[in-house]
Amino acid sequence: MSSIPDISLILLKGLKVTLIVLVLSMMLSTIIALVAGLSRVSNNRLLTGFTKFYVEIFRGTSLIVQLFWFSYALPGLFNIHLGSDIWVAVLAISLNYGAYMSEIVRGAILSVPPGQTEASIALNLSRFQRMRHIIIPQAIRMMLPEYGNYLIQILKATSLVSLIGLTDFLYYGNIYRSTHLTEAPTVYILILIFYFLLALPLIGFTRKMEKVAKKGVVHG
Amino acid sequence: MEEPIVQYKDIHKSFGDVEVLKGIDLDILPGEKVALIGPSGSGKTTIIRLLMTLEQPTSGIIEVNGRNLWQMTDKKGEYIEADDKHLRSIRGDIGMVFQHFNLFPHMTILENCMLAPTIVSKKDKNEVRKTALEMLDKVGLSDKVELYPNQLSGGQKQRVAMARALMMRPKVMLFDEVTSALDPELVGEVLEVIRDLAKAGDMAMILVTHEMDFALDIADRVLFLNEGVIEEQGDPREILVTPKSARLKDFLVRFTTNR
Amino acid sequence: MTWSWEVFIETIPLIFKGLWITLGLTIACYLFAMIAGFFWVFMSRIPIKPVNWLFRWIAEFIRSTPPLVQLFFIYYAWPVVPVIGVTLNPFVAAILGLGIHFSTYTSEVYRSGIESVDKGQWEASTALNLSTAQKWRYIILPQAIPPTIPMLGNYLIIMFKEVPLASTIGVVAMLHLANDYGAQYYKYVEPLTVVALFFLLLSYPSALLISRLEKKYNRRFDKKTATL
């Protein structure tokens, strides 16, 4: 019977992959969310239409299905080789959560009261200046708590990557469990604890942002 | 000498570090109409909220009909904190009308009035309906009974709130600044209903109010509260027309000039 | 490997069979989550600080760790836990795993609904001498639940999209059928596309319906809270 530290060491071999997928997905999905969110509120009908199509496709289907689809379709159908399945995972997760998060970007921008726009026009700010100095700074405050929540969702989503063969926590856990059946409880509890430890800073961030969002925003 | 229906004995109440009531002694006789006046933050509202059991006193005793409100005796005869059953057995004698009405928005006017008699007093529904319709007629709303609260004006809402409280036939009715959330032109209709109630006589009333003329008109006694103590009390005319303490004079002067 | 319309057409009826299982499992998990959500609300209202604190953190733990790992725990680890362990079939394991995971979300929805009820409503029901049970039944819940209906509806759609996780513990629904087909003929993309289309076909219209509900309830709710 192995001890908890022994099993932990085996599982932690997967930490690197989990972290890489997590960090890259967080960055890429944030970029996608900002671009898509701003496109949704732009004046260009074609751009808003295309973005809406993207958002609905990815929100309408399941991440796990998207992940499998990408891992088979990219190399097979489109002959795209990203070099590593890590990029496939990052792409699937980011496109999925980028779609969800673009909605909070859009929602936050739209929820800045029209009086703010009117005041900026009265001060003769250009459309870009209005966005840059007045609307976006207020919108960001409002979207941060939900953004934090989505980062936790992304963390949870990284557990799916073992399904396409990446060697994360769960991958090593499953392998170990298959040869040490009676230690399955220890294995999975440890994995859950590792995920929770990674989630703690994100939970802290979200709670802090909830407080920040209550300040410095026009109400009504 | 008549037995008081409500007695406050050395009541203290603190919220955190702030002591809002600093030793209140007060007897209310059956059918007596008492007006509580004083600057905001003086503790007027807290006094009646304690009696309605919406707040618990930090120390002191409140008795209703000679029964200790916040304490009861256990099997060994020792005083312990009152449980919900004990509170409910006493609370039936007390009714309250709130500053912000607190009508139940998901129920019609009639349902608002019928709820407590049907489920608390377990009276016959048809009987309750009859009484509720009479009560709503008395407050001048017989044509509104099937409407929802959000379809009424503030004055109408407050009249419903009074009808609702009256349905339980309380022996003591508490009024918490019932006109301060109303538009000025709607204040009259609400005061009119309270005046009628006061004339009817048998119910004791404690009114927290800023309407001095009204207090002068209907109250048997006026209490001036300042910084958590009863600064001055007595006949309305004495208190409002010939105040003794400097603080009360000050309050009345400021009050009349601000209006 | 090229796209084959033939395979695409051929797999539609196959995947369609799995759709019913996916839907059934979605509803079962969802009902479980709805009911179990009340458990967390109840626990958070027990007026004993440490109990409160403990259950808040347990809920937080379940909410912020991957449902996939929780599924594996229930399916693979639970049977070998001494004394209380039982072997579960994949369906029951999925209902428990996803149901418990999402109950930590539904409880937050209930909580927000309860907190949105004005304090004056509690006070008025005290003044009318209602018992605690009566306050909940006649005053608080009838006001707390309706505004949460759109949010709860959203969770139904989210649940629908999480249910394919169950294929990893052997529930044979849409995703599992697609992967089986792929393994047999080495044609993955077509059946997976069919699966994706079925998801889209069901969840997009539902989302539209929910957002319409949302507007309706928001409007009603605004009117109500403006002046009680």
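Some notes on this structure:
- Options A:PRO201, A:PRO185, A:PRO114: the member that is without any contact (Cβ under 8 Å) to a residue 12 or more places away in the chain and closer than 30 Å to A:VAL41 by Cα: A:PRO114
- Among the residues listed as B:LYS22, B:LYS75, B:LYS44, the single one being within 21 Å of B:MET162 (Cα to Cα) and either modelled with pLDDT of 90 or more or over 22 Å from the mean Cα position of the chain (by Cα) (or both): B:LYS44
- Hits in the stretch A:65-119 (condition: of a type in the set (Val, Ile, Thr), under 21 Å from the mean Cα position of the chain (by Cα) and surrounded by fewer than 22 Cβ atoms within 10 Å (Cβ to Cβ)): A:ILE86, A:ILE104, A:ILE109
Residues checked against (1) modelled with pLDDT under 90; (2) under 16 Å from B:LYS44 (Cβ atoms); (3) open to solvent by 60 Å² or more (accessible area, probe 1.4 Å):
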| residue | (1), (2), (3) |
| --- | --- |
| B:PHE224 | no, yes, no |
| B:ASP235 | no, no, yes |
| B:GLU238 | yes, no, yes |
| B:VAL241 | yes, no, yes |
| B:VAL253 | yes, no, yes |
| B:ARG259 | yes, no, yes |
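- Put simply, of B:LYS76, B:LYS85 the only residue that is open to solvent by 40 Å² or more (accessible area, probe 1.4 Å), out of contact with any Gly (no Cβ under 8 Å at 6 or more places or on another chain), of a type outside the set (Ser, Thr, Tyr) and within 13 Å of chain C (Cβ to nearest Cβ) is B:LYS85.
- Annotation: of all residues in the stretch A:9-42 being open to solvent by 20 Å² or more (accessible area, probe 1.4 Å) and polar (S, T, N, Q), the one that is nearest to A:GLY173 (Cα to Cα) is A:THR30.
- Scanning the stretch B:88-98 for residues that are within 14 Å of the chain's Cα centre (by Cα) and at the interface with chain C (Cβ under 9 Å from one of its Cβ atoms) yields B:ARG91, B:GLY92, B:ILE94, B:GLY95, B:MET96, B:VAL97, B:PHE98.
- Residues that are within 12 Å of chain C (Cβ to nearest Cβ) and open to solvent by 20 Å² or more (accessible area, probe 1.4 Å) were ranked within the stretch A:163-175; the one that is nearest to C:SER167 (Cα to Cα) is A:LEU163.
- Any hit, the stretch C:140-152, residues being within 26 Å of C:ILE74 (Cα to Cα) and in contact (Cβ under 8 Å) with a residue 12 or more places away in the chain: yes
- Helices (runs of 4 or more DSSP H) wholly inside the stretch C:96-165 containing at least 3 residues that are over 10 Å from the mean Cα position of the chain (by Cα) and surrounded by fewer than 18 Cβ atoms within 10 Å (Cβ to Cβ): C:119-127
- Check on B:ALA200, aliphatic (A, V, I, L, M) and either open to solvent by less than 20 Å² (accessible area, probe 1.4 Å) or over 20 Å from B:GLY92 (Cβ atoms) (or both): no
- Residue within the stretch C:20-33 that is in a helix (DSSP H, G or I), open to solvent by 90 Å² or more (accessible area, probe 1.4 Å) and at pLDDT below 95 present: yes
- Pairing each residue of the stretch B:134-154 that is closer than 18 Å to B:ASP196 by Cβ with any residue that is among the small types (Gly, Ala, Ser) and open to solvent by 50 Å² or more (accessible area, probe 1.4 Å), provided the two are 6+ apart or on different chains, yields C-beta distances under 7 Å for B:LEU136/B:SER142.
- Some residue of the stretch B:138-150 being under 27 Å from B:PHE255 (Cα atoms), surrounded by 16 or more Cβ atoms within 10 Å (Cβ to Cβ) and touching a helix residue (DSSP H, G or I) at 6+ places or on another chain (Cβ under 9 Å): no
- B:GLY66 being small (Gly, Ala, Ser), touching a residue at least 40 places away in the same chain (Cβ under 8 Å) and open to solvent by less than 40 Å² (accessible area, probe 1.4 Å): no
- Residue match in the stretch B:100-108 (condition: surrounded by 14 or more Cβ atoms within 10 Å (Cβ to Cβ), on the phi > 0 side of the Ramachandran plot, within 13 Å of chain C (Cβ to nearest Cβ) and at pLDDT 90 or above): yes
- Residue count for the stretch A:67-90 under the criterion of being within 7 Å of chain C (Cβ to nearest Cβ) and free of Cβ contacts under 8 Å to residues at least 40 places away in the same chain: the result is 5.
- Scanning the stretch C:40-62 for residues that are touching a Phe, Trp or Tyr at 6+ places or on another chain (Cβ under 7 Å) and under 14 Å from C:ILE100 (Cβ atoms) returns C:TRP40, C:MET43, C:PHE55, C:ALA59, C:PHE61.
- Selection from the stretch B:1-52 of residues that are within 17 Å of B:LEU225 (Cα to Cα), of a type outside the set (Lys, Arg) and not in a strand (DSSP E or B): B:GLY38, B:PRO39, B:SER40, B:GLY41, B:SER42, B:GLY43, B:THR45, B:THR46, B:ILE47, B:ILE48, B:LEU50, B:LEU51
- Only one of C:LYS135, C:LYS161, C:LYS119 that is more than 10 Å from chain B (Cβ to nearest Cβ) and closer than 22 Å to B:ARG88 by Cβ: C:LYS135
- The residue pairs whose first member lies in the stretch C:193-217 and is more than 12 Å from chain A (Cβ to nearest Cβ), whose second member is of a type in the set (A, V, I, L, M, F, W, C) and open to solvent by 40 Å² or more (accessible area, probe 1.4 Å), and whose beta carbons are closer than 7 Å, counting only pairs six or more residues apart or on different chains, are C:LEU213/C:ILE149; C:TYR217/C:ILE149.
- Of the residues in the stretch A:140-150, not one is farther than 27 Å from A:LYS13 by Cβ, β-branched (Val, Ile, Thr), touching a Leu at 6+ places or on another chain (Cβ under 9 Å) and more than 13 Å from chain C (Cβ to nearest Cβ).
- Test for B:LEU26: is it crowded, with 19+ Cβ neighbours inside 10 Å, within 14 Å of chain C (Cβ to nearest Cβ) and farther than 27 Å from B:SER153 by Cα: no
The values are calculated or read from the model by the stated rules, or taken from the named source; none is laboratory data. Just so it is clear, the model here is predicted, and its values are computed rather than measured. Virtual Cβ from ideal backbone geometry, glycine too; neighbours counted across all protein chains shown. What goes into the accessible areas is simple: the full protein's heavy atoms, side chains included, and nothing from ligands, DNA or RNA. Shrake-Rupley method; radii C 1.70, N 1.55, O 1.52, S 1.80 Å.
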